[in-house]
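Asks: The following block contains the structure, expressed as structure tokens.
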């Protein structure tokens, strides 16, 4: 399905950015759908030194690699700074973002217009599967911290990691 560069055709590349602390089934749905549209999907895990995450960047990268391995065309790495710089360095012309609600669109449209103005990178908005329209990493972490059942909201390996983390205190 992919178009090898060796055949003279450029690879179609896109990036799915986020903090992914942790990755949820909603994130995974967007990445899976992007992987069907692009030859290479870069998952860019944002490093925010002013925020303390539940999982370290390396842990998040490893979890994402595990849950996206079946796609075969997903590359996972961290980044800090401007996403458009990440895109320029890797020759990525498109950002894929999932939208859960109109409130997401208001913010993401401004970001998309800024990114396009800075570098010409396009943003494609993908409507979230309705089953995940309420889902966020923050909500998953909060429910998990109180012992709620999140098995249907995250991949099994993420559930296991969350349970271990909460058992450690």
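The values are calculated or read from the model by the stated rules, or taken from the named source; none is laboratory data. Keep in mind the model is a prediction, meaning the values are calculated, not measured. Positions of Cβ are generated from backbone atoms using ideal geometry, with glycine treated the same way; all protein chains shown enter the neighbour counts.
Asks: Answer with yes or no whether residue 117 is assigned to a helix (DSSP H, G or I) and surrounded by fewer than 14 Cβ atoms within 10 Å (Cβ to Cβ). Steps first, please.
Replies: Values: assigned to a helix (DSSP H, G or I): yes; surrounded by fewer than 14 Cβ atoms within 10 Å (Cβ to Cβ): yes.
Spelling it out, residue 117 is indeed assigned to a helix (DSSP H, G or I) and surrounded by fewer than 14 Cβ atoms within 10 Å (Cβ to Cβ).
Asks: Quick check: anything in the stretch 121-141 modelled with pLDDT under 95, surrounded by 14 or more Cβ atoms within 10 Å (Cβ to Cβ), in contact with a helix residue (DSSP H, G or I) (Cβ under 6 Å, 6 or more places away or on another chain) and assigned to a helix (DSSP H, G or I)?
Replies: So far as the stretch 121-141 goes, yes, one or more of its residues are modelled with pLDDT under 95, surrounded by 14 or more Cβ atoms within 10 Å (Cβ to Cβ), in contact with a helix residue (DSSP H, G or I) (Cβ under 6 Å, 6 or more places away or on another chain) and assigned to a helix (DSSP H, G or I).
Asks: If you take the residues in the stretch 86-101 that are free of Cβ contacts under 8 Å to residues at least 40 places away in the same chain and touching a helix residue (DSSP H, G or I) at 6+ places or on another chain (Cβ under 8 Å), which one is farthest from residue 132 (Cα to Cα)?
Replies: 88
Asks: When you scan the stretch 74-87, do you find a residue that is assigned to a helix (DSSP H, G or I) and closer than 19 Å to residue 140 by Cβ, even just one? Give the derivation first.
Replies: Of the residues in the stretch 74-87, the ones assigned to a helix (DSSP H, G or I) are 83-87.
Remaining after also requiring closer than 19 Å to residue 140 by Cβ: none.
No, because not a single residue in the stretch 74-87 is assigned to a helix (DSSP H, G or I) and closer than 19 Å to residue 140 by Cβ.
Asks: What is the one condition in (1) surrounded by 18 or more Cβ atoms within 10 Å (Cβ to Cβ); (2) free of Cβ contacts under 8 Å to residues at least 40 places away in the same chain; (3) under 23 Å from residue 143 (Cβ atoms) that residue 62 does not satisfy?
Replies: The one condition residue 62 does not meet is (1).
Asks: Residue check, residue 104 against (1) out of contact with any helix residue (DSSP H, G or I) (no Cβ under 7 Å at 6 or more places or on another chain); (2) surrounded by 14 or more Cβ atoms within 10 Å (Cβ to Cβ); (3) at pLDDT 95 or above, all met but one. Which one?
Replies: Tallying (1) out of contact with any helix residue (DSSP H, G or I) (no Cβ under 7 Å at 6 or more places or on another chain); (2) surrounded by 14 or more Cβ atoms within 10 Å (Cβ to Cβ); (3) at pLDDT 95 or above, residue 104 fails exactly one: (3).
Asks: If I ask for residues that are under 14 Å from residue 28 (Cβ atoms), in a helix (DSSP H, G or I) and either out of contact with any helix residue (DSSP H, G or I) (no Cβ under 6 Å at 6 or more places or on another chain) or modelled with pLDDT under 95 (or both), which ones from the stretch 142-165 would you list?
Replies: Listed by number, the residues that qualify are 156, 159.
Asks: Of all residues in the stretch 34-58, which are assigned to a helix (DSSP H, G or I) and surrounded by fewer than 16 Cβ atoms within 10 Å (Cβ to Cβ)? Steps first, please.
Replies: Step one: filter the stretch 34-58 for residues assigned to a helix (DSSP H, G or I), giving 34-37, 57-58.
36, 37, 58, listed by residue number.
Asks: Looking at the stretch 149-163, which of its residues are within 29 Å of residue 106 (Cβ to Cβ) and loosely packed, with under 14 Cβ neighbours inside 10 Å?
Replies: Within the stretch 149-163, 152 is the sole residue that qualifies.
Asks: If the Cβ limit is 8 Å and pairs must be 6+ apart or interchain, which residue in the stretch 7-34 that is free of Cβ contacts under 8 Å to residues at least 24 places away in the same chain pairs with which residue that is surrounded by fewer than 23 Cβ atoms within 10 Å (Cβ to Cβ)?
Replies: As it stands, the answer is 9/3; 10/3, since those pairs meet every condition given.
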